[in-house]
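For reference, the structure is listed below as structure tokens.
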Amino acid sequence: MNVERAAAACLFPGFAGLSAPEWVRRWVERGLGGVVLFGQNIEATGQIQELAASLRAERGDLLVATDEEGGDVTRLEAKRGSSYPGNWALGIVDDDALTEGVAASIAAELARVGINFDFAPVADVNSNPDNPVIGIRSFGVEASLVARHVRAFVTGLQGGGVAGCAKHFPGHGDTSQDSHLELPVVEGNVDQALEPFRAAIAAGVRSIMTAHVLVPELAPQQATLSPEILQVLLREELGFGGVAITDALEMRAVADAVGVEEGAVLALGAGADALCLGADIDEPAVGAVHAAVVDAVRAGRLAEERLGEAAERVQALAVWAAAPPTSTRRPELGARAAALALRSHGAIGLSAPPLVVDLRPPASIAAGEAGPGLADVMEVAEAVVVREGDPLPEPDGRPIVVVVRDAHRHEWERAAVERLLGGARQAVVVETGLPLWQPEGTPYIASYGGGRANLEAAAGALRLGAPAR
């Protein structure tokens, strides 16, 4: 076995820019397993097609991956907002066939630009309402509902020829910490957290992404570095035979604990097959991870057979993902799902053109900064974006639409809403996250997401004064 080429096959780095740098092309020639595209790599449909084609001109079996969950986490439509609602909205509608159709349409969107590996669906059960990184990216709080929709999403996505990736194993839902920033501890019901992953495996999911979380009930190490979780639980007990890919190794839960290079070696030794290296990775970082893996094999710290097995699984995924796509774009399903998910109460129809006050807490690293806001999809709206500590606009007689995000987690948002409502002649509150806090007696809309499809559904309800559901 060529150890250097096998080590390269396990690497999935990101890179900067709208075209592939020369160093990425060189690594593709050396056997790189795949690349991960982020919002920084994507500008327009034709540009992504050219980027993917240029990479595959170096080697035709290269996997090209991205995070296209729908809703708040979109790479293809990072600048304009997703045409599809995210998972929580689909869980609210609770129509398995609709979820499958949305996933099939997302597969078609990806396939037409040359992306054949999607880090979706999120299979986490969001059992902790204070979760700062999963939230509405989950299908819901009930394991059985999440499992049904994970199965439907995997079926739709992979039926369209794009490899799916259930994440974040063995569950990132029952924590109030973000693994991008620290090592979360998960204490909840492990069996319930695993149920959606069992459903994904039963549906034939091609890949599962590990979570950088500590689950004391399962293992003393964090999941990404744990043989008990990746080998005993995932492989032996759950019977998963596809690619286990890590979440980005430069996330602080791993990087602060053992470092990126050592994390790569330990993850492979634990049973991971592919190593995700995120958006801020450069050529020296990729070279350092590759060298660490090769050196670990030569020093006897990482079994050559384990590295070979990992590389073979990545290659098998590349062969599967090379099949021609089979689904058709149906963006109207996104609009339909977002409209069906919308919930409202009170007199939400506006009497005059409003002022939109968009209260924006810090964005999660997973989702990135919000794209277009509600005012951008309303033809007659003027907007003020307010972050914590910013002054609030003074009432001027116009109706006010106050947009909040997970107001139950942010006291400053709740205080700002109360102050704005106190001086408004007419006001409507639009919650784009989890609707767990509502100001008493105020017309209210829950969109279950801040993607463009969700916001367009909310804008339509505000214009039409849609009846409560």
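Observations
- Of the residues making up segment 79-111, those that are open to solvent by 40 Å² or more (accessible area, probe 1.4 Å) and in a loop (DSSP other than H, G, I, E, B) are Lys79, Arg80, Asp94, Asp95.
- The sole residue among Val122, Val150, Val205 that is among the hydrophobic types (A, V, I, L, M, F, W, C), touching an Asp or Glu at 6+ places or on another chain (Cβ under 7 Å) and surrounded by 24 or more Cβ atoms within 10 Å (Cβ to Cβ) is Val122.
- Filter result for Arg198 (over 20 Å from Trp88 (Cβ atoms), of a type outside the set (Asp, Glu) and either part of a loop (DSSP other than H, G, I, E, B) or at pLDDT 95 or above (or both)): yes
- Qualifying position, being closer than 21 Å to Gly14 by Cβ, open to solvent by 30 Å² or more (accessible area, probe 1.4 Å) and of a type in the set (D, E, K, R), among Asp273, Asp247, Asp256: Asp256
- Count of segment 296-336 residues which are outside any loop (DSSP other than H, G, I, E, B) and either without any contact (Cβ under 8 Å) to a residue 12 or more places away in the chain or in contact with a strand residue (DSSP E or B) (Cβ under 9 Å, 6 or more places away or on another chain) (or both): 12
- Residue in segment 374-387 that is touching an Asp or Glu at 6+ places or on another chain (Cβ under 9 Å) and closer than 30 Å to Ala253 by Cβ present: no
- Answer from Gly349, Gly300, Gly241 - the residue that is surrounded by fewer than 18 Cβ atoms within 10 Å (Cβ to Cβ) and under 30 Å from Gln426 (Cβ atoms): Gly349
- Just one residue in the set Asp130, Asp174 is in contact with a Gly (Cβ under 8 Å, 6 or more places away or on another chain), in a loop (DSSP other than H, G, I, E, B), open to solvent by 10 Å² or more (accessible area, probe 1.4 Å) and touching a residue at least 40 places away in the same chain (Cβ under 8 Å); that residue is Asp174.
- Any pair with Cβ under 8 angstrom, 6 or more apart, that starts in segment 221-236 at a residue that is farther than 14 Å from His168 by Cβ and ends at one that is of a type in the set (D, E, K, R): Gln221/Glu228
- Note on segment 69-108: residues that are closer than 18 Å to Thr432 by Cα and β-branched (Val, Ile, Thr) total 4.
- Taken together, the criteria exclude Ala291 from residues that are modelled with pLDDT of 95 or more, crowded, with 16+ Cβ neighbours inside 10 Å and on the phi < 0 side of the Ramachandran plot.
- Filter result for Val133 (β-branched (Val, Ile, Thr), at pLDDT below 95 and within 16 Å of the chain's Cα centre (by Cα)): yes
- Evaluation of Arg75 against (1) surrounded by 15 or more Cβ atoms within 10 Å (Cβ to Cβ); (2) touching a Gly at 6+ places or on another chain (Cβ under 9 Å); (3) part of a helix (DSSP H, G or I) (one fails), failing number: (3)
The values are calculated or read from the model by the stated rules, or taken from the named source; none is laboratory data. From a predicted model like this one, the values you see are computed outputs, not experimental measurements. Heads up, the Cβs are rebuilt from the backbone with ideal geometry, glycines too, and the neighbour counts pull from every protein chain shown. Note: areas computed on protein heavy atoms with side chains; ligands, DNA, RNA excluded. Shrake-Rupley method; radii C 1.70, N 1.55, O 1.52, S 1.80 Å.
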